[in-house]
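To start, the structure itself, in structure tokens.
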Amino acid sequence: MEERYEPAQVERAAQADWAAAGSFRAREDAGGDKFYCLSMFPYPSGRLHMGHVRNYTIGDVLTRFARMQGRNVLQPMGWDAFGLPAENAAMANGVAPAKWTRDNIAYMKKQLQALGFALDWEREIATCDPSYYKWNQWLFLRMREKGIAYKRTGVVNWDPVDQTVLANEQVIDGRGWRTGALVEKREIPMYYLNITRYADELLRDLDTLGDWPERVRVMQANWIGRSEGVDVAFPFAANTAALMGKPAGDASAVMKVFTTRADTLFGVTFVAIAAEHPIALAAGAKDPSLMAFIDECRRGSVMEADVATMEKKGRRTGLHVTHPFTGEPVEIWVANYVLMGYGEGAVMGVPAHDERDFAFATQQGIAIRTVVKSTTGAYENVVAPWIDAYGEHGVTVNSAEFSGLDSKAAVDAIAAALAAKDLGQKRVQFRLRDWGISRQRYWGCPIPLIHCPKCGEVAVPDSQLPVVLPEHLVPDGSGNPLAKTPSFFECSCPQCDGPARRETDTMDTFVDSSWYYARYACPDNDAAMVDARAKYWLPVDQYIGGIEHAILHLLYSRFWTKVMRDFGLVDYSEPFRSLLTQGMVLNHIYWQQPAEGRRLYFNPNDVDVEESGGVKRYIATRDDGSQLEVQYDGLGTMSKSKNNGVDPQSLVEKYGADTARLFMMFTAPPEQSLEWSDEGVQGSFRFLRRLWTAVHGHVAMNATAGVPPALDRAALTPPQRELRRAVQQTLAKVTDDIGRRRTFNTAIAAVMELLNTLARFDDRSPQGRAVLQEACEVATVCLSPMVPHVAHALWRELGHAGTLMDERWPQVDASALELTQLTLVVQVNGKLRGQIEVAADAGEETIRATALAEPNVQKFVAGATPRKVIIVPRKLVNVVV
RNA sequence: GCGAAAGUGGCGGAACUGGUAGACGCGCUGGAUUUAGGUUCCAGUGGGCAACACCCGUGAGGGUUCGAGUCCCUCCUUUCGCACCA
């Protein structure tokens, strides 16, 4: 055995052994309990980042652990290969997105293999392969037949200079990222998937996902946002009816709003409509200053965070609707915080009982009318001078015949009265909106439709699928290259054979990632989306990925799965049985603002901290060797834009894959964010070297003293029994930490403790070495899911002919854990005052007497009679005086 | 702005069901080895204090309890998401 730990050599040998044995290949017929462990596939950005290393190490630990527990495992890998970065790279370097993407995949695959992940590469998929995205197109057409996929207009960010649609990411402070032009909102036709049809089920089935983090389920539930409320129709007043060309009193001459607080209907003092609302546009056509305001509202991005934090602005229209009960006129306002895309694009304004309405009314001088009072008297400030809205439930006041009801009863009564007048009814509304999947972009899955001047919109026949994306185009930032490529869009109509135009929009990449998990079961099937093999493997038993995907990706995937089920393709309703959301990998952020242009970010590797007189200065060294002082901006997610990433490649080259994996697993529990630390990496490497040295010492001793005999449990000396106890305790803890708690950091800490104990054990007797042999084996096995290469090598050195990953995970010897003496902690009035030793089977009276006899306890009891003595079995005694 | 989570030594974290706060690692201090630096090994390391006694201590403030890092209320800070980044 080598005396020194040489990771490069150890890892090369282990990987060669695994490759030769085909250890990572998954088979359907292997029998046993299947375990499908899936990590979210990467976007092939060029190189792995630390988030990937963390994600895939977690998956690999769980996979290897499950395999050693006798489960038949599948751990596949693929590529989320369509998307915007490939187009950006193309613009920057003039390389076609296809080539850039495939080169990246080849490089990153090598990196993953070097990290020793037990991935079944025979099932590799890339979403940019026609053999994959064909099935996106196929299922899209099935959805279209059922009306789940449909067409309507949607609002996008529009760059008026480049004449192109911008992603939210490409809008910086309301301006286009390349042109700097003020971004506008624009309505364009798009295809939508009717996810709201599944809203109820998506919400309900969250209850079946017991192995998902509570916070993800809560976030999804809030995102879906089921609310019970009332549709209220406000009839047009004469001026509005005239403007809109509808006879007053006509059923269509109403403004519809949705409210969850119909009990506050008598508090309505205005209604607010979106700038794009038909009434706003009609009024604006006759009022230039109003039109200018509408145009102002149209500027800016469509992002909700922007809209919500924007200063609330509004303009009165001079138009009115009438209150459905009092008949009073209520003025219509155009407001920038009302969005056309939500509900009816109009809301009723109740300043007394809604925070936002209150702010708007106060600012605009609109009347405030209290119609709900607190029942507890907790909030009596419901008359002028107004301080705040009262948004809680209570009892109605000032509400004509509906006064004096509690809020819930008032909602019911008002809804019933509205229904009787045909001016409203109860309705369940979801916050969730339908999923717009059209992208005016090149590097994505083509939407398989054809526009024929005669036949209209026609589906591409199944026999002509896939509609293949041409791979040679290089985008230039102005519009969609597909729309400028006649060889792609010129086609003939499948119905009339006349000249027609192919749809040039592509699909949202969330479509690709919504079902890739299923395709791993049968990546080679050209005749069906999924086949019988899917029945064996699916659904996924364990899914692992970043917390940032807690809502969108996971919700879309759940939806897509339910659609596949309804088409009879799969027989389960939820794609991921258990979910582990890993935290982000963080590093320090340093920046400097040049005289002009954007902030420059500096990699923490190039920044030194100088401290003098308690003041820290941060000095960055540039490529050319020059230095400058930079600003420190705290910790943030590793990202290209903040230039604070650490390349896993350098880490693997310097310390080996095992050290990289160990550091990732040891530094933080998987669900928490993880702070990068160079020193921590060195510590992990140091530990592996100590482990190697310890095993080497033991093996060397055996070489001179002979192979240790079998353990004779009955013949152990007390120190030998102590070490065995520590060994079995460690095994029990690690098994529980990996298998149940998934706290790999504490599992590793337990083995570190064992190694510390081991170092103090110096007993060369045959039984001593037998105990030591077991200790070395348990330490090796316990660490093997985290650091498989070094464990593979040590297992051989410990005298085993077989491959460690084919071994069974050992059972804990419970008899070794038994204790005859216990140490109990004694408190007086809850404060720690001493410790006592008692027999493990001591009765309460003995414990009580021993505790009270403890000198320091007596000092604090000071002759007083204990009022109470609380005994927590095997742990603690608390004397209350 | 809205939804969610997290705040514990100089740092990353541990304390799993309300029961010894700080396991394990990093860093630091001292010692041994080394020509030196590095490495390795040993010891120490929350603050106060002469002290192993004792007092204080888990973002801030309040509460429940024999006992609170853990439960409840208010507040502060940070991170994630907000529908076209993936």
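Cα-based Rg of region A:691-733 per 2.2 N^0.38 Å, rounded to two decimals? Intermediate values should be presented prior to the final figure.
Working: Rg = 12.4 Å, N = 43, 2.2 N^0.38 = 9.2 Å.
Dividing the Cα radius of gyration by 2.2 N^0.38 Å gives 1.35.
Over the C-alpha atoms of region A:302-420, what are the Rg and the largest Cα-to-Cα span, Dmax, in Å?
15.5, 43
Assuming 0.692 mPa s and 37 °C, estimate D for chain A with Stokes-Einstein, Rh taken as the Kirkwood radius over Cα pairs, in µm²/s.
Working: Rh = 32.7 Å.
Rounded, D is 100 µm²/s.
Quote the relative contact order of chain A in percent (integer), defining contacts as alpha-carbon pairs under 8 Å separated by 6+ residues.
Numbers: 1574 pairs, mean separation 118.2, N = 881.
With pairs under 8 Å counted, the relative contact order is 13 percent.
Which is farthest toward the positive dipole end of chain A among A:VAL790, A:PHE860, A:TRP212, measuring Cα position about the Cα centre, with Cβ charges +1 (Lys, Arg) and -1 (Asp, Glu)?
A:PHE860
Could you compute Rg(Cα) / (2.2 N^0.38 Å) for region A:650-690, with N its residue count?
Values: Rg = 9.8 Å, N = 41, 2.2 N^0.38 = 9.0 Å.
Relative to the 2.2 N^0.38 Å estimate, region A:650-690 comes out at 1.09.
Please list, in chain and number order, the residues 5+ apart from A:LEU319 or on another chain whose amide H is under 5 Å from its amide H, with Hs placed from the backbone.
A:ILE332
Compute the distance in nm between two label points, each set 7 Å from the Cα along the Cα-to-Cβ direction, one at A:GLU6 and one at A:GLU837.
Output for this residue pair reads 5.0 nm.
Excluding same-chain residues fewer than 8 positions from A:LYS246, which lysines have a Cα within less than 23 Å of its Cα?
Cross-link targets: A:LYS256, A:LYS286, A:LYS421.
Which value does Rg/Rh take for region A:107-156 over its C-alpha atoms, Rh per Kirkwood? Don't jump to the answer; show the numbers that get you there.
Numbers: Rg = 17.8 Å, Rh = 14.3 Å.
Checking Rg against Rh, the ratio lands at 1.24.
State the answer as a single residue: which of A:LEU193, A:LEU182, A:LEU876 lies farthest towards the positive end of the charge dipole of chain A, with beta carbon charges of +1 for Lys and Arg and -1 for Asp and Glu, about the Cα centre.
Farthest towards the positive pole: A:LEU876.
Suppose all protein chains stay in the model; what accessible area per residue would a 1.4 Å probe give for region A:29-130, in Å²?
On a per-residue basis, 29 Å².
How many times 2.2 N^0.38 Å is the alpha carbon radius of gyration of region A:393-503?
Values: Rg = 26.6 Å, N = 111, 2.2 N^0.38 = 13.2 Å.
Computed over Cα atoms of region A:393-503, the ratio equals 2.02.
What's log10 of I(q)/I(0) for region A:481-601 at q = 0.10, 0.16, 0.21, 0.23 Å⁻¹, Debye sum over Cα points only, no solvent?
Result of the Debye calculation: -0.58, -0.91, -1.13, -1.23.
Run the Debye formula on the Cα coordinates of region A:219-259, all scatterers equal and no solvent, and tell me log10 I(q)/I(0) at q = 0.15, 0.22, 0.31 1/Å.
-0.49, -0.68, -0.98
At 1.4 Å probe radius, can you tell me the per residue accessible area of region A:219-352 in Å²? Provide the component values of the computation, followed by the final result.
Values: 5280 Å² over 134 residues.
Heavy-atom accessible area per residue stands at 39 Å².
Using only the alpha-carbon atoms, what does region A:548-694 span along each of its principal axes? Please give whole angstrom values in decreasing order.
Computed over the Cα atoms, the extents are 68, 56, 29 Å.
Please report, in debye to the nearest 20, how large the charge dipole of region A:461-619 is about its Cα centre when each Lys and Arg carries +1 at its beta carbon and each Asp and Glu carries -1 there.
360
Once you charge only the Cβ atoms, +1 for Lys and Arg and -1 for Asp and Glu, what is the size of the charge dipole of region A:1-109 about its Cα centre, to the nearest 20 debye?
Working: 13 positive and 12 negative charges, 36 e Å.
Using Cβ point charges on Lys, Arg, Asp and Glu, region A:1-109 gives about 180 debye.
Taking each pair of distinct Cα atoms in region A:711-758 once, what is the resulting Kirkwood hydrodynamic radius in Å?
Hydrodynamic radius (Kirkwood, Cα only) of region A:711-758 equals 11.4 Å.
As I understand it, the dipole of chain A uses +1 on the Cβ of Lys and Arg and -1 on the Cβ of Asp and Glu, about the Cα centre. Which of A:TYR556, A:PHE687, A:PRO235 lies farthest toward its positive end?
Checked the options; the winner is A:PRO235.
Expected output is a single nm value to one decimal: the length gained when fully extending between A:THR309 and A:GLN593, i.e. 0.36 nm times separation in residues minus the C-alpha distance. What is it?
So the chain would gain 99.7 nm between A:THR309 and A:GLN593.
Debye calculation, C-alpha points only, no solvent: report log10 I(q)/I(0) for region A:280-354 at q = 0.15, 0.17 Å⁻¹, in the same order as the q values.
Relative scattering, expressed as log10 I(q)/I(0), comes to -0.59, -0.75.
Hey, which lysines would be in cross-link range of A:LYS373, C-alpha to C-alpha under 24 Å, not counting anything within fewer than 8 residues on its own chain?
By straight Cα distance, A:LYS373 reaches A:LYS408, A:LYS426.
For region A:519-566 and region A:712-748, write down the distance between their C-alpha centroids in whole Å.
So the two Cα centres are separated by 38 Å.
P(r) for region A:31-104: what percent of alpha-carbon pairs falls in each 5 Å bin, starting at zero?
3, 16, 20, 15, 13, 11, 9, 6, 4, 2, 0
In debye, nearest 20, what is the charge dipole magnitude of chain A about its Cα centre with +1 on Lys and Arg Cβ and -1 on Asp and Glu Cβ, if you could check?
Values: 95 positive and 107 negative charges, 149 e Å.
The dipole magnitude comes to about 720 debye.
In whole Å, how far is the Cα centre of region A:341-369 from that of region A:810-881?
64
To the nearest µm²/s, what D does Stokes-Einstein give for region A:100-186 at 4 °C and 1.567 mPa s, using the Kirkwood radius over alpha carbon pairs as Rh? Could the numbers behind the result be given before it?
On the way: Rh = 17.1 Å.
The estimated diffusion coefficient comes to 76 µm²/s.
The values are calculated or read from the model by the stated rules, or taken from the named source; none is laboratory data. As the structure is a computational prediction, the values presented were derived from the model and not from experiment. In this analysis, Cβ positions are derived from the backbone assuming ideal geometry, glycine residues included, and neighbour counts consider all displayed protein chains. Surface accessibility is based on the protein's heavy atoms, side chains included, excluding ligands, DNA and RNA. Shrake-Rupley method; radii C 1.70, N 1.55, O 1.52, S 1.80 Å.
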